[in-house]
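Data first, discussion second: the structure below is written as structure tokens.
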Amino acid sequence: MPSAVLVPSPGVRPARASRVSAAAMFIAPLVALVVLWEVLVRAFDVNPRIFPSVGAVARAGWEALLDGSLVRHIGASLGRVAVGTVLALVLSIPLGIAMGLSRAVSTFFTPLLRFFSVLAGIAWIPIATLWFGYGFGAITFVIFNAVFFVVAYNTLLGVSSIPLQLRRAAASLGAGPWAMLYEVILPGALPNIVTGIRTGLGFAWRGLIAAEMIATNVGLGYMLFVARDFYRTEVIVFGMIVIGLLWLMLDRLLLAPLERATIERWGLVVRS
């Protein structure tokens, strides 16, 4: 009796090839930028104090990894982002839902959200240091502000976009207030909420780096600030690369897939 042969699904290889191709297209510009960087530094014999070579930056990164300072700075920065974001979500999502369900609440808070969303993030650093001093509290407060207003406003938009007929249909089928909230309102608003989280975290990440340059003694922003005092441009550039790569990983590996999956399940987009 002939043995069975497992044949891969026709869609597996094309899908895998598509992912590899997309990854290559994403990485190619970054590789080209590094090559151009090294060529220009060598061609014009750039002073290392003005801009370092690729090799100098790699050595600085290796030293930071060996002495443990890189891990400390990354851990401190990510911890602050996590705490500030969680606090913002706990308060902003209920507020956005309340605004979406109540015209009176929306009328009162919408102008405030629009006003403070412009100030969210970096603009709060001076007053945050006055209120909380230099340290964890001030930076967490800056991150909180960067996320809170964006998520609250997007939650409001998400709740407002749920058709009234859908709510009435759920009510006619016997859905009580809590069932309406968990089975209609939250799922319907979730695509907008996740989009708000992704946008708010982008603002929070920039605010974090700026605040760490002023209000703390550990973190990626602090690493850049101290390196400037000693004219260590290789550490500055390495820190900038780490900041950019961390955000790319956070955005592309966590936030973008979460947003895409949420929109495909509860939004109006269907996976092709």
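In this simple spin-label model, placing a label point 7 Å from the Cα along the Cα-to-Cβ direction at both Leu119 and Ser69 gives a separation of 3.7 nm. Dipole magnitude for the chain: computed about the Cα centre from +1 point charges on Lys and Arg Cβ and -1 point charges on Asp and Glu Cβ, it is near 620 debye. Of the DSSP H helices in the chain, those with a Cα length along their own long axis of 30 Å or more and a mean Kyte-Doolittle hydropathy reaching 1.0 comprise 12-43, 69-101, 136-160.
Neighbour counting of Cβ atoms within 10 Å sorts the residues Tyr153, Tyr231, Tyr222, fewest neighbours leading, into Tyr231, Tyr222, Tyr153.
Along the Cα-to-Cβ line of Val105, 7 Å from the Cα, sits a label point; which residues in region 180-223 have backbone N less than 20 Å from it? It comes to 180-197, nothing else.
Using Cα pairs closer than 8 Å and at least 6 residues apart in sequence, work out the relative contact order for the chain, in percent. Worked out over the chain, it gives 22 percent. FRET efficiency for Asn47 and Tyr134, Cβ-Cβ distance as r, R0 = 30 Å, nearest 0.05? Here the calculated transfer efficiency is 0.35. Among Leu166, Gly202, Phe238, which residue has its Cα furthest toward the positive end of the charge dipole of region 95-248, with +1 on Lys/Arg Cβ and -1 on Asp/Glu Cβ? Going by the Cα projections, it comes out as Leu166.
Working note: 222 nm ellipticity from helices only, DSSP H runs with n ≥ 4, each -39,500 (n - 2.57), summed and divided by the residues of the chain, gives -25500 deg cm²/dmol to the nearest 500.
Values in this text are rule-based calculations from the coordinates and carry no lab data. Being a predicted model, the structure only gives us computed values, none of them experimental. Positions of Cβ are backbone-derived with ideal geometry, glycine not excepted, and every protein chain shown enters the neighbour counts.
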